[in-house]
Amino acid sequence: MGTEGIQDKYINPYADFGFKLLFGTAMNKELFEAAEIAKFNPKELGEYWESLKNFRDWYSVMSTQLKKGREEGLKEGLEQGRKEECFKNAKKMKQAGIAFDVIAQVTGLSIGEIASL
């Protein structure tokens with residue numbers, strides 16, 4: 001006899017359906033993974049912990065860089081917005097006939113930047 005009828009005769013306890021049929025509840029995958037790890041030999045366990053440490057280190061570095069990138073982007077955006085606001089205010093003051101040196105003092109722009117508006 002070959003393996004043709006095995007699936008009809010036997011239940012795979014590792015499949016969710018088979019586990020539920022045998023034990024009446026769905027399999028707890030986290031518990032199953034912990035049981036698999038518990039069967040590791042010392043070499044496999046060391047490799048597992050090393051890979052877990054490497055993953056956590058990588059995740060920490062990526063999270064930190066993402067946070068720094070967001071903070072730098074926010075700072076650059078705020079700085080650009082302030083600069084644009086200065087140009088907008090300087091243009092309005094120039095149209096109102098205010099002297100360039102007063103506009104430069106209020107906005108922090110150079111006289112050349114004000115003249116080019």
### Message
Pairs please, first residue from the range 52-76 and closer than 30 Å to residue 33 by Cβ, second anywhere and at pLDDT 95 or above, Cβ atoms under 6 Å, 6+ apart in sequence or on different chains.
### Response
none
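Yes/no matrix, rows are residues, columns are (1) at pLDDT below 90; (2) surrounded by 10 or more Cβ atoms within 10 Å (Cβ to Cβ):
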| position | (1), (2) |
| --- | --- |
| 27 | yes, yes |
| 30 | yes, no |
| 34 | yes, yes |
| 39 | yes, no |
| 42 | no, no |
| 51 | no, yes |
| 59 | no, yes |
| 62 | no, yes |
| 86 | yes, yes |
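The values are calculated or read from the model by the stated rules, or taken from the named source; none is laboratory data. Predicted model only: the values in this text are computed from it and were never measured. Don't worry about glycine lacking a Cβ; one is built from the backbone with ideal geometry, like all the others, and counts go over all protein chains shown.
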